[in-house]
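Notes follow the structure.
The values are calculated or read from the model by the stated rules, or taken from the named source; none is laboratory data. Values in this document were obtained by computation on a predicted structure and should not be read as measured data. Glycine gets a Cβ as well: all are built from the backbone with ideal geometry, and neighbour counts include every protein chain shown.
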Amino acid sequence: MSEKWVVASCAATFGVFRHEPVEYLEDAGCEVRINPYGRPLRPQEIVDFAADADVLVLGNDRLNASTMRRLKKLKLIVRHGAGIDGIDFRDALEAGIMVANTPGANAEETADLTFGLILDLERKITQSVNSLRSGVWEKACGRSLFGKTIGIIGVGDIGMAVARRAMGFGMDIIGNDIVQRNEAAAVGLLYTSLNDLISRADIISIHAPLTSATKNLIGAKELRLMKKEAVLVNTARAGIVRSQALEKALLAGQLAGYATDVPDKEPPNPSALFELPNVLVTPHIGSATYEANYHMGMAVAHNIIAAKDGRRPPNLLTYADQVRFS
């Protein structure tokens, strides 16, 4: 029997909706601590919570190099999700700390939410519900999805899942990514340049990781290229869209609507944008289903148990992966 490991989970939803991953780890001889705040932890809170931890499970927490150095026993970091933009990845590897993630575990659920936001914006569902609740009976005129063009920025697992749904709605599908998947053709997705996608699409949906190459990818110039009746949906990372340019474009009526599941911080600061009838903001619920929570949690547990038993974690990230995340 290998030694007992302390697993400290900063991830706000790990082991909350589904308890099986926690029980699985405990049965394997781990002591599991669950996030007591229900939100991402601040650096000092991470240190206080996980000072003696062997494993850190991260959600949307920021783990910088200085915080990492204070966790003297840390052997493994597992991201409860796919993106690792909140981790000083190279510093972790240079310190001999393994890093793993759970790729694809919430792809279908995030795609579901993406299409929910698209439908809400285009058919003015929330806007109509709010009007009716305030005593106003008014049939707001929206736009059909059939025959429209959706542009998918980032054609990974989630982008492909969105493309499959778009095919079911009878949409034309274009995409942009540095890697072009052969299977994209099966759902009718055609690759094109970023500028062509932005100028042609009626709906633009972002599914790229946040890296140095994608930070502020959508700024004032790109927003001006969009059709005036286009909507923009971001369920990836807030930093991909330049916030000041977005605010100006929306206030000027430069695009028809915006929806995001990924605010700048959690919880976000109040913003005038939240009050606009054509803006939807959800509290990072892309993976908030019982099914996704189970799959993500079990993927976390499998990575931890493999490392604890001296085996290679199934989703271990290496220096070669840094190109995708930096």
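Scan segment 59-85 for residues that are over 17 Å from THR211 (Cβ atoms), assigned to a loop (DSSP other than H, G, I, E, B) and among the small types (Gly, Ala, Ser) and the total you get is 1.
Return yes when PRO267 is surrounded by fewer than 18 Cβ atoms within 10 Å (Cβ to Cβ) and in a loop (DSSP other than H, G, I, E, B) and no when it is not. Judged against the criteria, PRO267 is a match.
Which one of these is within 24 Å of GLY156 (Cα to Cα) and not in a helix (DSSP H, G or I): ALA259, ALA320, ALA292?
ALA259
Filtering ALA230, ALA259 for residues that are at pLDDT 95 or above, of a type outside the set (S, T, N, Q), closer than 23 Å to ALA12 by Cα and buried (at least 17 other Cβ atoms within 10 Å of the Cβ) leaves a single hit, ALA259. In segment 93-120, the residues that are free of Cβ contacts under 8 Å to residues at least 40 places away in the same chain form Cβ pairs under 7 Å with partners that are charged (D, E, K, R) and surrounded by fewer than 24 Cβ atoms within 10 Å (Cβ to Cβ), at six or more places apart or across chains, as follows: ILE97/LYS75. Does LEU56 satisfy the condition of being assigned to a loop (DSSP other than H, G, I, E, B) and crowded, with 21+ Cβ neighbours inside 10 Å? Against the criterion (assigned to a loop (DSSP other than H, G, I, E, B) and crowded, with 21+ Cβ neighbours inside 10 Å), LEU56 does not qualify. Counted as qualifying within segment 86-148 are the helices (runs of 4 or more DSSP H) with 1 or more residues that are within 26 Å of ARG311 (Cβ to Cβ) and among the hydrophobic types (A, V, I, L, M, F, W, C), namely 89-94, 107-123. Of all residues in segment 4-29, those being touching a residue at least 12 places away in the same chain (Cβ under 8 Å) and either more than 23 Å from ASN106 (Cβ to Cβ) or hydroxyl-bearing (Ser, Thr, Tyr) (or both) number 8.
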